[in-house]
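Below you'll find the structure, written out as structure tokens, and then a few comments.
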Amino acid sequence: MSTAPASTASPFQPSSLPDDAVELGRFTDAWGIKGWVRIQPHSADTRALFESSEWFLLPPEARFGKGFSAFSGPVRVAVADIKVHADGIVARLEGSNDRNLAESLKGVRIHVARSAFPPAEEGEYYWVDLIGLEVVNREGVHLGVVRDLLPTGPTSVLVMEYTEHVDGADKTAERMIPFVAAYIDDVDLKARRIIADWQTDY
């Protein structure tokens with residue numbers, strides 16, 4: 001009498017990347033021996049990672065994934081578990097039960113459809129929705145365009161790029177504004193504009 005072989009179905013289902021996919025982080029290493037992986041999130045705001053039941057994965061860029069062979073294009077995976085560990089975030093995918101598979105995923109990029117993000121609380125915003133917004137002050141003076149958000153403990157800082165004229169030439173410069181109510185008057189996502197109580201010489 002023979003026993004049916006254990007299922008070897010791949011956890012990776014070939015899938016196109018959603019049009020509104022947002023890259024939220026990447027796998028950095030295996031964790032433990034049961035298929036868990038460590039995650040390096042791109043933002044301090046990890047709600048979408050924790051509340052999405054499926055992720056879309058892309059192979060690592062060439063400089064990170066030399067010899068990568070787990071999959072060749074976009075794939076969809078189901079998230080079995082995700083939790084905060086003492087030194088970061090770890091997760092396990094459905095069908096991933098051994099360390100070898102987890103180790104093969106180093107550098108893989110994690111995406112979630114923006115439409116699948118849980119609703120933001122009143123007065124809160126996802127970092128991805130702030131990227132690219134114009135920032136002006138109360139007088140309507142252009143302060144820059146949001147390029148990034150820098151987490152600094154309990155608050156974040158808007159990192160903006162703007163153009164300044166120096167020695168007869170245009171130069172790209174950087175300006176930072178704490179993203180707190182004391183300095184941010186209004187965030188209008190539809191108009192793609194942030195109004196801040198800030199001056200160009202601060």
With θ set to phi - 60°, apply the Karplus curve 6.51 cos²θ - 1.76 cosθ + 1.60 along region 170-180 and write out the HN-Hα couplings as whole Hz, x wherever there is a Gly or Pro. 7, 9, 7, 10, 10, 9, 10, 9, x, 8, 9
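What does the charge add up to near residue 199, with Lys and Arg as +1, Asp and Glu as -1, over the other residues with Cβ less than 15 Å from its Cβ? Working shown, then result.
Details: positive: 138, 175; negative: 139, 164, 185, 197, 201.
In short, -3.
Once the piece of chain linking residue 188 and residue 33 is laid out straight, how much longer is it, given 0.36 nm per residue of separation minus the C-alpha distance between them? Write out the running numbers ahead of the final one.
Working: separation 155, 0.36 × 155 = 55.80 nm, distance 4.66 nm.
Between residue 188 and residue 33, full extension yields an extra 51.1 nm.
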Hey, in the GNM for the chain with a 10 angstrom Cα cutoff, which one of 172, 155, 163 fluctuates hardest? 172
Can you list the HN-Hα couplings for region 123-139, worked out from phi with the Karplus curve (6.51, -1.76, 1.60; θ = phi - 60°), rounded to whole Hz and with x for Gly and Pro? x, 10, 9, 6, 4, 5, 6, 8, 4, x, 6, 7, 10, 10, 8, 4, 8
Classify region 127-196: rounded, prolate or oblate, from the alpha-carbon gyration tensor (a ≥ b ≥ c, eigenvalue square roots; a/c under 1.5 rounded; otherwise prolate if a/b is larger than b/c)? prolate
Taking amide H atoms as placed 1.01 Å from N in the peptide plane, list the residues 5 or more away in sequence, or in a different chain, whose amide H sits under 5 Å from that of residue 196. 136, 137, 138, 185
Anyone know which of 123, 25, 88 comes out most mobile in the 10 Å Cα GNM of the chain? 123
Hey, can you grab everything whose amide H is under 5 Å from the amide H of residue 144? Only 5+ residues off in sequence or another chain; H modelled, so Pro and N-termini drop out. 135
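Taking the beta-carbon count within 10 Å as an exposure proxy, list 27, 71 from fewest neighbours to most. Intermediate values should be presented prior to the final figure.
Numbers: 27 24, 71 19.
So the residues, fewest neighbours to most, are 71, 27.
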Could you tell me which of rounded, prolate or oblate describes region 13-116, using a ≥ b ≥ c as the square roots of the eigenvalues of the alpha-carbon gyration tensor, with rounded for a/c under 1.5 and, failing that, prolate when a/b is larger than b/c and oblate otherwise? rounded
For the chain, modelled as a GNM with alpha-carbon contacts under 10 angstrom, which of 187, 77, 166 fluctuates the most? 166
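From Cα pairs below 8 angstrom and at least 6 apart in sequence, can you work out the relative contact order of the chain, rounded to a whole percent? Working shown, then result.
On the way: 402 pairs, mean separation 39.5, N = 202.
It comes to 20 percent, rounded to a whole number.
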So for 170, 129, fewest C-beta neighbours within 10 Å to most, what's the order? 170, 129
Hey, of (1) 39, 17, 14; (2) 41, 18, 15; (3) 35, 21, 17, which did the structure itself give for semi-axes √(5λ) of the Cα gyration tensor in Å when calculated? (2)
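Read-outs: derived from the displayed coordinates by stated rules, not from any lab. What you see is a predicted model, and the numbers here were worked out from it, not measured in a lab. Here the Cβ is made from the backbone with ideal geometry for all residues, glycine too, and neighbour counts use every protein chain on show.
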